[in-house]
Amino acid sequence: MNKVLVIGIGFRPLNKKTSEALLQSDVVLTNDRLLEAFKGYTEYEAVKDRIISLKDIHQTKRYIHDNYQNIKIALLAVGDPMLFGIGRVIRDEIGKEAMEVHPDLSSIQVAFARIREPSSNAFFMSLHGGPDPDNRRKLEYEITELPDLLKRHKKIAILTDRVNSPTEIAKVINSSPVTRYALLKMYVCEKLGYDDEKITEGTPEEIAAESYAHPNVVIIISENND
């Protein structure tokens with residue numbers, strides 16, 4: 001049985017095993033943003049004629065569902081596909097026995113490295129509702145739940161999107177009586193892995209006053225002693 005290769009990219013060159021698996025694929029699925037990143041990989045020239053850039057996750061799911069049993073498909077993903085990524089979507093579509101995952105570093109992992117903070121005691125969450133504003137996925141937690149989550153967790157890492165942006169996250173924190181006067185530090189890690197990546201540190205009030213490039217990751221750290 002053919003297995004769909006879900007390959008994370010963005011931060012490191014592919015290792016030998018992943019590179020060989022990609023080169024043996026019949027089709028490489030991606031989107032326009034990931035394609036730009038993939039053009040910097042040494043494997044790009046060898047597989048560029050096999051690349052199909054799809055518009056959204058719905059097209060990707062349909063293509064894989066209709067074709068994976070007949071051809072070898074490689075799907076490019078961001079970072080670690082199994083950490084709030086497309087890996088779960090593909091697993092639910094075709095079953096985990098029909099997929100093989102080759103992860104890169106996750107953007108959250110890179111974000112913690114950039115700010116030189118341990119991640120082992122952090123709560124990870126996703127506020128990424130997907131690229132289609134008219135068909136957003138159901139989130140485990142909503143942005144309005146952040147103040148209560150910050151009562152229970154001293155450190156929270158958040159995958160954002162254009163709706164649940166760092167600015168909106170900071171505004172929610174500032175407007176809640178639960179967190180308005182808390183000692184909180186926010187980090188916005190923009191465009192990690194790109195040449196123009198940027199790390200911004202500030203209070204929620206300072207973060208709420210600015211706008212930020214997408215994609216980005218937010219890390220919130222409580223400095224309260226209680």
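Here are the numbers:
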read-out	value
Tally, over the range 87-134, of residues that are in a loop (DSSP other than H, G, I, E, B), at pLDDT 95 or above and of a type in the set (D, E, K, R)	3
Residue that is surrounded by the fewest Cβ atoms within 10 Å (Cβ to Cβ), among those in the range 178-226 that are among the small types (G, A, S) and farther than 17 Å from A37 by Cβ	S211
Tally of residues being buried (at least 17 other Cβ atoms within 10 Å of the Cβ), under 22 Å from the mean Cα position of the chain (by Cα) and not in a helix (DSSP H, G or I) across the range 52-81	10
Output for the range 11-36, where each listed residue is closer than 19 Å to P103 by Cβ and crowded, with 17+ Cβ neighbours inside 10 Å	F11, L14, T18, S19, A21, L22, S25, V28, L29, T30, N31, L34
Residue pairs meeting the criteria (Cβ under 6 Å; at least 6 apart or on separate chains; first not assigned by TED's automatic domain parsing to the domain that holds L192, in the range 158-172; second surrounded by 19 or more Cβ atoms within 10 Å (Cβ to Cβ) and part of a loop (DSSP other than H, G, I, E, B))	none
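Results for (1) among the small types (G, A, S); (2) free of Cβ contacts under 8 Å to residues at least 24 places away in the same chain, shown as yes or no for each residue.
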site	(1), (2)
I73	no, no
G79	yes, no
M82	no, yes
G85	yes, no
R88	no, yes
K96	no, yes
M99	no, no
Q109	no, no
F112	no, no
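The values are calculated or read from the model by the stated rules, or taken from the named source; none is laboratory data. Note that this is a predicted model, so its numbers are computed, not measured. Heads up, the Cβs are rebuilt from the backbone with ideal geometry, glycines too, and the neighbour counts pull from every protein chain shown.
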